Amino acid sequence: MANEKVVLSLIQPTGTPTLGNYLGALRNWAKMAEDYNCIFGCADLHSITIRTEAQDLKKRTRDLYALLIALGLNPEKNIIFVQSQVPQHSELAWILNCYTMFGEASRMTQFKEKSAKHSDNVNVGLFTYPTLMAADILLYQADYVPVGEDQRQHLELTRDIAERFNGIYGEVLKVPEPLIEQSGAKIMSLAEPTKKMSKSDPNNKAFILLDDTPDVIVKKIKSAVTDSDARVYFSDDKPGVANLMNIYSVCTGKSYDDIETEFENKGYGDFKLAVAESVIEELKPLQVEYKRILAEKAYLEECATKGAQKAQYVAQKTLHKVKKKVGFWN
Ligand code: ATP
Ligand code: LTN
């Protein structure tokens, strides 16, 4: 292994991941898997902060686990696990709750946004979501946490909690660094390009799912909201076009200047078709592998069991240290 640094990240099984999850997070995970000591997981405990049917949760978790394997993450070399199968997460989360201030948690924008969106179910779990996330990270003494821009604030809080704990008890917890790639870090909704693309958006024209067929991808990108200007150039005043340019740039490696030149005398129709084709090409290998691996039920089950065992082993070491420091009997 080129680097012994620990890279950790989780994703919630709240639905099929979107192009935003892929370009902002999953694609970078796959790139790091060979060079770092990587730990990736399905955050199913986090996902019940939004009401979910039991059967759906189970299927989504299995499907998401399969997708992680399809990305090319190696379950022998890396730890690929399901959060609820590692009880240390809930246990450390409780302890960290007692080292997190009510005011700090109240400032989290994700909490504010999710409570406004699900006003009939503003549960306490939604409020303490970031301390569970801190436990996910700190249990494994992670050095780097690759996430999209929306998770930066949770990472800052995780660092504050770790520093506070270490300030009281000595160097127990590694203070992690967020890894947020410039390109792809925030893919916006196709329907409302000032909002982030989110898999739990009720409008299915707002996102591209990783298992969308080429026809569906073309249709969704064709219907993406742009503006009446009909010229392809990057500007904050043109959020729809800027978002499509960002997607096209990440998928093809072309710069914004190249893209502006390429579509200089062309309209949005040609531009959107090119964006759709680049997305189709980008997703094709993953889609083929995902289909194949989904059918390998016994193999996936075995990987998850092994992943949970390996994760428990590492997590228990940190939890044991923390409990000793806090003063629990044994
Ligand atoms: P939900 O809509 O259910 O809240 P989500 O789509 O925001 O979920 P998560 O499971 O919370 O997805 O996030 C998984 C990873 O994807 C995180 O690292 C997050 O930062 C990243 N991510 C989510 N949405 C985007 C986006 N629109 N652009 C870039 N990265 C994103
Ligand atoms: N809250 C994250 C998902 C998540 C996560 C984590 C990310 C849960 N635990 C630990 C990085 C590290 C989100 O993307 N919404």
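Dividing the alpha-carbon radius of gyration of the chain by the rule-of-thumb value 2.2 N^0.38 Å gives 1.03.
Given +1 at the Cβ of Lys and Arg, -1 at the Cβ of Asp and Glu and no other charges, the dipole of the stretch 43-165 around its Cα centre is 220 debye to the nearest 20. Packing here is the average count of other Cβ atoms within 10 Å per residue, and on that basis the peptides 96-109, 169-182, 30-43, 125-138, highest first, run 125-138, 30-43, 169-182, 96-109.
What are the GluC sites (Glu not before Pro) within the stretch 50-102 that DSSP puts in a loop, where the Cβ has at most 11 other Cβ atoms within 10 Å?
Numbers: sites: GLU53, GLU76, GLU91; in loops: GLU53, GLU76.
Counting only loop positions with at most 11 other Cβ atoms within 10 Å, the GluC sites (Glu not before Pro) in the stretch 50-102 are GLU53, GLU76.
Place +1 on the Cβ of every Lys and Arg and -1 on the Cβ of every Asp and Glu in the chain, take the dipole about the Cα centre, and give the residue among ASN265, TYR290, LEU173 whose Cα lies farthest towards its positive end. Of ASN265, TYR290, LEU173, it is LEU173. Expressed as a whole percent, the accessible surface of the chain that belongs to carbon and sulfur atoms is 52, based on a 1.4 Å probe. Converting the Cα gyration tensor eigenvalues of the stretch 239-300 into ellipsoid dimensions via √(5λ) gives semi-axes, longest first, of 33, 10, 9 Å.
Assuming charge only on the beta carbon of Lys and Arg (+1) and of Asp and Glu (-1), the dipole of the chain about its Cα centre is about 1100 debye to the nearest 20. Let me have the 222 nm mean residue ellipticity of the chain computed from DSSP H runs of 4+ only, each contributing -39500 (n - 2.57), with the sum over all residues rounded to the nearest 500. Value at 222 nm, helices only, nearest 500: -16500 deg cm²/dmol.
For the residues ALA224, ALA298, ALA162, a GNM of the chain with alpha-carbon springs under 10 Å puts the largest fluctuation on ALA298. Taken about its Cα centre, the stretch 1-102 carries a charge dipole of roughly 200 debye when the Cβ of each Lys and Arg holds +1 and the Cβ of each Asp and Glu holds -1.
Computed with the Debye formula from one identical point scatterer per Cα of the stretch 1-80, without solvent, the log10 of I(q)/I(0) at q = 0.13, 0.18, 0.19 Å⁻¹ comes to -0.40, -0.72, -0.79. With the charge dipole of the chain set up from +1 on Lys and Arg Cβ and -1 on Asp and Glu Cβ about the Cα centre, the Cα lying farthest toward the positive end among the listed residues SER198, SER255, PHE328 is that of PHE328. Summed over the residues of the stretch 174-330 and divided among them, the accessible surface reaches 57 Å² per residue at a probe radius of 1.4 Å.
Compared with the dominant principal axis of the Cα atoms in the chain, helix 239-252 is inclined by about 80°.
The values are calculated or read from the model by the stated rules, or taken from the named source; none is laboratory data. Owing to the predicted nature of the structure, the values given are computational and were not obtained by experimental measurement. Quick reminder, even Gly has a Cβ in these numbers, built from the backbone with ideal geometry, and neighbours come from all protein chains shown. When the accessible area is computed, the model is the full protein with side chains, heavy atoms only, and any ligands, DNA or RNA have been set aside. Shrake-Rupley method; radii C 1.70, N 1.55, O 1.52, S 1.80 Å.
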